[in-house]
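Trainee: Structure in structure tokens, see below.
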Amino acid sequence: MNHFPIGIRSLAVSFPSKIRTNDYWQNKFPELFGEKQPKRIRLPRKTSPLSENNGLDIWSQEVAPYLSDPFRGNVERRVVSPDESSLTLEYRAARDALEASNLLPEEVDLMIVASLFSEQVGTGNAAYLARKLELDAPAWNLESTCSSALIALQNARALIQIGEYRNVLVVVSQIGSKSVDEQDTLSLSMGDGAGAFVVDRLKPNQGILGSKIINTTATCEAYLHELVTDDQGKPQMVTRTGENANMLAETAVDFVQTCCQGAIAAAGVTLEQINFFAFNTPTPWYASVCTRALEIDPERTINLYPRYGNLGPVLPIANLYHAAQAGKIRENDLVLIYTNGAAATAVATVIRWGEVALGPVPAPPISITAQSERIHPVGKDSISTEQLPALEKSSISREQILATELGKRQPMLETYLREWLATSLKVPLAEVNSQQLLASWLDSLMAFELRRRIEADFAVQVPIEKFFGDNAITTLAEQLLKQLALAHLISSKSVAIAEANKEEEREKLNL
């Protein structure tokens, strides 16, 4: 079989005209984001040696500066108006990608569409978009969460390679603003948008050179999707954070290293030869995590999170588009694209960039500066409005708790929890009352960070539901005491059994 050079021929993005800033939540939910809002700051981050689980350490260190910010580093998001939808955004992106490549709708051989989420429950947008574009070609839906664009690219390349189709139009969208409860802090990150690209034969030695794809089953239940009805009685999918969300942090570094190393090996190149890296950036700190995981210069990538928020599967297309538009990617550059889709796939693909035609430039942000989109990994130009100490490791350990008198253990644990909250939120310790519900202090991000710290300090596991509902610091401390007592009992029994076995062996030897 011939191996033709196949890759991206044109690229376009489409965003809603409405830009939503943090003022929207401050005005709508003043009790959540009003006067008590602390100043947005970035803490100086420690560069202490990493532990054995350095991947989780990297994630935790990059998250730390955002814990005291009620908006978690979010600045702007594009959100659809009542007369816009995933279908209208997809149509604009697809039309612009076709025009950029000088391709007529009747010349398209196949269209692959990934909509998160589609306009109708149960089926995707492919057929509806094909009708709107007046395509004669087949069109089908594909889904691999945030990795959908790269999975579609791989499928398109394979189908063109075997001669089944001459070209493929790929269209991807996310409407995140409608898929979350606005009072859930997850809504702070969600943006809307669409992207499209044409896959076709390119010049010799250009196009896709190698890929590495793995499953992300470890992150199943990280997000939960529920079918509900809106105010008009129309069914829609709503997303919320699941109990396994901590695995997004625990696997992030391992996934990016595994996929990127596998992709460059398949392409026959090295990380040093890559001219530009395009990561999916679903959080403000994700680009920093990736650059640290691969030990690359942050200037070799881009972070559009402050401008768009979390665009899900559209992120790699938006990052590639803006990088090319800004001259960060030029023809024949080596480009490595990485995406991580929860409960789906993680993908890295190495491309020799071709002569890629770009669609129209989207509207600029209203409050974003070049400085705010710079990437600041640990130890490199940390920004802070005042000198504050980095988060320190707890001063108490499991052994110290168990060595303390029974009556003093509960107050000791309550102080430990209060100090962590006060330090993370940058509030006086006196304001953290042991009787106050944890849910009034914690969102899902802080809850998982606190649970991770507890597990690291005391080597016990606490169910995530213990951080929410009617649980206060006192009840969490009580749960910790039970867990520690149980762990100590099991450990003591194990030691006793081991000693008994040793004594039995000694008696046998004597006999």
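Trainee: Across region 260-283, what is the number of residues that are surrounded by 24 or more Cβ atoms within 10 Å (Cβ to Cβ), out of contact with any Cys (no Cβ under 8 Å at 6 or more places or on another chain) and not hydroxyl-bearing (Ser, Thr, Tyr)?
Mentor: The number of residues fulfilling the criteria is 3.
Trainee: Continuing with the same structure: When region 331-361 is examined, which residues are found to be part of a loop (DSSP other than H, G, I, E, B) and of a type outside the set (Gly, Ala, Ser)? Lay out the reasoning, then the answer.
Mentor: If we filter region 331-361 for residues that are part of a loop (DSSP other than H, G, I, E, B), which is where we start, we get 331-333, 341-344, 353-356, 359-361.
Within region 331-361, Glu331, Asn332, Asp333, Trp353, Glu355, Val356, Pro360, Val361 qualify.
Trainee: Could you count how many residues in region 421-436 are within 17 Å of Leu32 (Cα to Cα), outside any loop (DSSP other than H, G, I, E, B) and more than 28 Å from the chain's Cα centre (by Cα)?
Mentor: Qualifying residue count for the region: 1.
Trainee: Hey, does region 8-31 have a residue that's modelled with pLDDT under 85 and in a helix (DSSP H, G or I)? Reasoning before the result, please.
Mentor: Residues of region 8-31 that are modelled with pLDDT under 85, as a first pass: 31.
From what's left, in a helix (DSSP H, G or I): 31.
Yes - at least one qualifying residue is present in region 8-31.
Trainee: Conditions: (1) without any contact (Cβ under 8 Å) to a residue 12 or more places away in the chain; (2) under 26 Å from the mean Cα position of the chain (by Cα); (3) at positive phi. Thr145 meets all but one. Number of the miss?
Mentor: (1)
Trainee: Could you figure out which of (1) in contact with a Pro (Cβ under 9 Å, 6 or more places away or on another chain); (2) at pLDDT 95 or above; (3) of a type in the set (Asp, Glu) isn't true of Glu62?
Mentor: Tallying (1) in contact with a Pro (Cβ under 9 Å, 6 or more places away or on another chain); (2) at pLDDT 95 or above; (3) of a type in the set (Asp, Glu), Glu62 fails exactly one: (2).
This table checks each residue for (1) assigned to a loop (DSSP other than H, G, I, E, B); (2) assigned by TED's automatic domain parsing to the domain that holds Ala64; (3) not aliphatic (A, V, I, L, M).
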{"position": "Ala263", "(1), (2), (3)": "no, yes, no"}
{"position": "Ala278", "(1), (2), (3)": "no, yes, no"}
{"position": "Pro282", "(1), (2), (3)": "yes, yes, yes"}
{"position": "Cys290", "(1), (2), (3)": "no, yes, yes"}
{"position": "Ile302", "(1), (2), (3)": "yes, yes, no"}
{"position": "Arg307", "(1), (2), (3)": "no, yes, yes"}
{"position": "Pro313", "(1), (2), (3)": "no, yes, yes"}
{"position": "Pro316", "(1), (2), (3)": "no, yes, yes"}
{"position": "Leu320", "(1), (2), (3)": "no, yes, no"}
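Trainee: Here's a follow-up. Could you grab me the full set of residues in region 192-221 that are touching a residue at least 40 places away in the same chain (Cβ under 8 Å), surrounded by fewer than 20 Cβ atoms within 10 Å (Cβ to Cβ) and farther than 18 Å from Val335 by Cα?
Mentor: The first filter runs over region 192-221 and keeps only residues touching a residue at least 40 places away in the same chain (Cβ under 8 Å), leaving 192-217, 219-221.
Subsequent filtering for residues that are surrounded by fewer than 20 Cβ atoms within 10 Å (Cβ to Cβ) retains 201, 203-205, 210, 213-215, 217, 220-221.
Matches in region 192-221: Ile214, Asn215, Thr217, Cys220, Glu221.
Trainee: So for region 88-104 (the condition being under 26 Å from Glu182 (Cα atoms) and surrounded by fewer than 22 Cβ atoms within 10 Å (Cβ to Cβ)), does at least one residue qualify? Let's see the steps before the verdict.
Mentor: Let us first name the residues in region 88-104 that are under 26 Å from Glu182 (Cα atoms), namely 88-90.
Next cut, surrounded by fewer than 22 Cβ atoms within 10 Å (Cβ to Cβ) only: 88.
Checked region 88-104: at least one residue is under 26 Å from Glu182 (Cα atoms) and surrounded by fewer than 22 Cβ atoms within 10 Å (Cβ to Cβ).
Trainee: Can we say Ser211 is more than 17 Å from the chain's Cα centre (by Cα), within 30 Å of Ala267 (Cα to Cα) and at pLDDT 95 or above? It would help to see each step written out before you state the result.
Mentor: Numbers: more than 17 Å from the chain's Cα centre (by Cα): yes; within 30 Å of Ala267 (Cα to Cα): yes; at pLDDT 95 or above: yes.
Answer is yes for this residue.
Trainee: Does region 137-147 contain at least one residue that is assigned to a helix (DSSP H, G or I) and out of contact with any Ser or Thr (no Cβ under 6 Å at 6 or more places or on another chain)?
Mentor: Keep residues of region 137-147 that are assigned to a helix (DSSP H, G or I), which gives 145-147.
Cutting the leftovers down to out of contact with any Ser or Thr (no Cβ under 6 Å at 6 or more places or on another chain) gives us 145.
Yes, the conditions are met somewhere in region 137-147.
Trainee: Exactly one of (1) of a type outside the set (Lys, Arg); (2) at pLDDT below 85; (3) part of a helix (DSSP H, G or I) is unmet by Met412. Its number?
Mentor: Only one criterion is unmet by Met412, namely (2).
Trainee: Can you tell me which residues in region 157-172 are within 21 Å of Ala263 (Cα to Cα) and in contact (Cβ under 8 Å) with a residue 60 or more places away in the chain?
Mentor: As a first pass, look at region 157-172 and keep what is within 21 Å of Ala263 (Cα to Cα): 157-161.
Listed by number, the residues that qualify are Arg157, Ile160, Gln161.
Trainee: Report every pair of residues separated by at least 6 positions or lying on different chains whose Cβ atoms are under 6 Å apart, first residue within region 451-477 and in contact (Cβ under 8 Å) with a residue 12 or more places away in the chain, second outside any helix (DSSP H, G or I) and of a type in the set (Gly, Ala, Ser).
Mentor: Asp457/Ser394; Ile473/Ser434; Thr474/Ser434
The values are calculated or read from the model by the stated rules, or taken from the named source; none is laboratory data. Model, not experiment: these values are computed from the prediction. Note that each Cβ is placed from the backbone with ideal geometry, even for glycine, and that neighbours are counted across all protein chains shown.
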